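Colleague: Shown below is the structure under consideration.
The values are calculated or read from the model by the stated rules, or taken from the named source; none is laboratory data. Everything numeric here is computed off the predicted structure, so don't read it as measured data. Quick reminder, even Gly has a Cβ in these numbers, built from the backbone with ideal geometry, and neighbours come from all protein chains shown.
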Amino acid sequence: MTESVPINQDILLWARTTAGLSIDDVVKKIGRKGVTNKTVEEWESGKSSPNYKQLERLAYEIYNRPLALFFFPEPPEETSPEQSFRTLPEYEIEHLPPRIRTLLRKAESFQLNLAELYDGINPSTKHIIGNLKFKTNTTVKAMASKVRDYLDVSLEDQSKLKDPEEAFKYWREQFEAVGIYIFKDAFKTDDFSGFCLYDDVFPIVYVNNSKSASRQIFTLFHELCHLLFETGGVYVVDDSYIDRIQGDNKKIEVLCNKFAGEFLVPQSDFSNRIQGTEINDSLIQSLSDEYSVSREVILRRLLDFGRIDQIFYARKVDSWKKSAKKKQGSGGDYYRTRGAYLGEKYIERAFSFYYQNKIDKSQLADYLDVKDKNIPGMESLLFSTGSAV
């Protein structure tokens with residue numbers, strides 16, 4: 001079918017700009033003969049319209065939007081990245097990759113799903129976001145101690161975790177027990193470790209599943225700090241942007257990294273463990289295993305304590321990155337990956353609604369962010385975990 005479709009050109013323009021794409025980007029992604037910069041400009045000005053095949057490609061593959069949206073009279077109201085991430089400088093927000101913008105919209109959808117699945121009431125008996133309040137002049141030591149007491153997790157409990165994967169699952173359960181939901185996805189960029197969306201009922205943390213489990217754990221606590229200050233945040237690996245912000249926003253960004261380090265590797269305990277020791281790879285690895293954090297976190301703490309210098313730190317981190325380059329294989333178990341992305345608690349609740357006939361199969365697929373045909377596989381995953389809905 002080559003006949004053009006009478007869409008709302010304002011929605012087309014809005015979809016492109018909110019996706020963070022230029023007209024050049026769209027033309028390259030369409031990759032079809034006859035679609036030029038002028039073609040897209042004419043679509044957006046209303047001089048012409050894409051045909052149905054082109055619209056499908058624009059909607060589902062390029063802008064990641066429902067096709068029906070392009071026939072709406074006006075763009076829907078959405079929270080902008082500026083509203084979600086107020087501590088991020090304007091320059092950084094303008095240059096958020098399209099993939100991150102897509103994941104932000106997906107995260108907002110999960111937030112709405114949670115509100116629908118739980119009738120607007122967070123089911124957790126404890127709510128850390130409402131119960132703990134901090135000022136930006138609070139010391140990280142006091143903040144980390146108070147959060148540890150609230151979570152009721154001792155250092156001894158933490159040290160019993162066998163490996164980073166088990167540790168991540170454990171911390172995810174602790175977060176969900178106090179009202180914070182965790183979702184994951186492949187960010188398809190190494191520049192971002194995660195982000196969080198603040199909400200006084202359903203705050204969520206979104207983690208880059210392509211990072212190591214120990215890095216994901218650090219991300220959880222970095223984003224928890226943002227939520228405790230009642231703001232969304234993005235964990236950008238290169239944090240040089242912090243120098244370009246001021247006031248409380250700068251204090252919060254600095255605190256988030258320090259808080260995660262202090263919580264996972266408390267100063268007093270760490271100080272005792274490294275006293276009189278020789279700093280070598282064996283010690284760094286054993287401390288990494290003991291605290292269930294990455295070697296880089298241990299290295300950062302050693303730098304903070306003055307046991308190594310910046311040159312040693314940079315050299316080690318660089319060598320680890322080179323040795324770890326593309327070690328992961330491709331593929332994997334689709335359903336287990338989806339399970340890791342969504343979390344057991346969320347999947348259980350969605351299926352519970354389905355079994356109670358509150359939603360149909362297509363709606364369940366929307367909640368789980370899969371196609372209808374994948375529902376049986378997700379159901380098998382649910383029961384293979386030994387969980388009862």
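Colleague: Condition check: buried (at least 18 other Cβ atoms within 10 Å of the Cβ), in contact with a Phe, Trp or Tyr (Cβ under 8 Å, 6 or more places away or on another chain) and not acidic (Asp, Glu). Does Val178 satisfy that?
Modeller: Here the answer is yes, as Val178 does meet what is asked.
Colleague: Just checking, which of Ile100, Ile30, Ile62 is more than 30 Å from Leu228 (Cα to Cα), touching a residue at least 24 places away in the same chain (Cβ under 8 Å) and under 25 Å from the mean Cα position of the chain (by Cα)?
Modeller: Ile62
Colleague: Right, next: Please list, ordered by residue number, the helices (runs of 4 or more DSSP H) wholly in region 140-232 having 1 or more residues that are in contact with a helix residue (DSSP H, G or I) (Cβ under 6 Å, 6 or more places away or on another chain) and farther than 19 Å from Pro266 by Cβ.
Modeller: Passing ranges, in order: 164-177, 213-228.
Colleague: In the list Phe168, Phe134, which residue meets the criterion of being within 28 Å of Asp369 (Cα to Cα), surrounded by 13 or more Cβ atoms within 10 Å (Cβ to Cβ), in the same structural domain as Gly247 (by TED's automatic domain parsing) and not acidic (Asp, Glu)? Before you say what the answer is, go through the steps one by one.
Modeller: Numbers: Phe134 fails: within 28 Å of Asp369 (Cα to Cα).
Selected residue: Phe168, the only one of Phe168, Phe134 that is within 28 Å of Asp369 (Cα to Cα), surrounded by 13 or more Cβ atoms within 10 Å (Cβ to Cβ), in the same structural domain as Gly247 (by TED's automatic domain parsing) and not acidic (Asp, Glu).
Colleague: Tally time: how many residues in region 72-91 are more than 29 Å from Gly179 (Cα to Cα) and surrounded by 13 or more Cβ atoms within 10 Å (Cβ to Cβ)?
Modeller: Of the residues in that region, 2 qualify.
Colleague: Tell me, which residue of region 346-365 that is within 19 Å of Ala107 (Cβ to Cβ) and aliphatic (A, V, I, L, M) is nearest to the chain's Cα centre (by Cα)?
Modeller: The residue in question is Ile347.
Colleague: Which residue pairs have Cβ atoms closer than 6 Å, lie 6 or more positions apart in sequence or on different chains, and pair a first residue in region 159-179 that is aromatic (Phe, Trp, Tyr) with a second residue that is modelled with pLDDT of 90 or more and outside any helix (DSSP H, G or I)?
Modeller: Tyr170/Leu161; Phe175/Ile182
Colleague: Quick one: what pairs do we get from region 285-313, first residue on the phi > 0 side of the Ramachandran plot, second among the acidic types (Asp, Glu) and buried (at least 17 other Cβ atoms within 10 Å of the Cβ), C-beta under 7 Å, 6+ apart or different chains?
Modeller: From region 285-313, no pairs qualify.
Colleague: Suppose the filter is under 15 Å from Cys225 (Cα atoms) and either of a type in the set (Ser, Thr, Tyr) or more than 16 Å from the chain's Cα centre (by Cα) (or both); does Thr136 pass it?
Modeller: So Thr136 fits the description; yes.
Colleague: Let me confirm something: among Ser4, Ser22, Ser48, Ser84, which residue is touching a strand residue (DSSP E or B) at 6+ places or on another chain (Cβ under 7 Å), closer than 29 Å to Ser210 by Cα and not charged (D, E, K, R)?
Modeller: Ser84
Colleague: I'm trying to understand the selection: among the residues of region 114-139, which are part of a loop (DSSP other than H, G, I, E, B) and among the hydrophobic types (A, V, I, L, M, F, W, C)?
Modeller: Matches in region 114-139: Ile121, Leu132, Phe134.
Colleague: Could you count how many residues in region 262-318 are more than 18 Å from Ala213 (Cβ to Cβ) and hydroxyl-bearing (Ser, Thr, Tyr)?
Modeller: Summing the residues that are more than 18 Å from Ala213 (Cβ to Cβ) and hydroxyl-bearing (Ser, Thr, Tyr) in region 262-318 gives 5.
Colleague: Residues in region 1-20 that are more than 16 Å from Leu69 (Cβ to Cβ), surrounded by 12 or more Cβ atoms within 10 Å (Cβ to Cβ) and either at pLDDT 90 or above or of a type outside the set (Ser, Thr, Tyr) (or both): how many?
Modeller: 1
Colleague: For region 235-249, which positions are part of a helix (DSSP H, G or I) and touching a residue at least 24 places away in the same chain (Cβ under 8 Å)?
Modeller: Tyr241, Arg244, Asp248, Asn249 - these are the residues of region 235-249 that are part of a helix (DSSP H, G or I) and touching a residue at least 24 places away in the same chain (Cβ under 8 Å).
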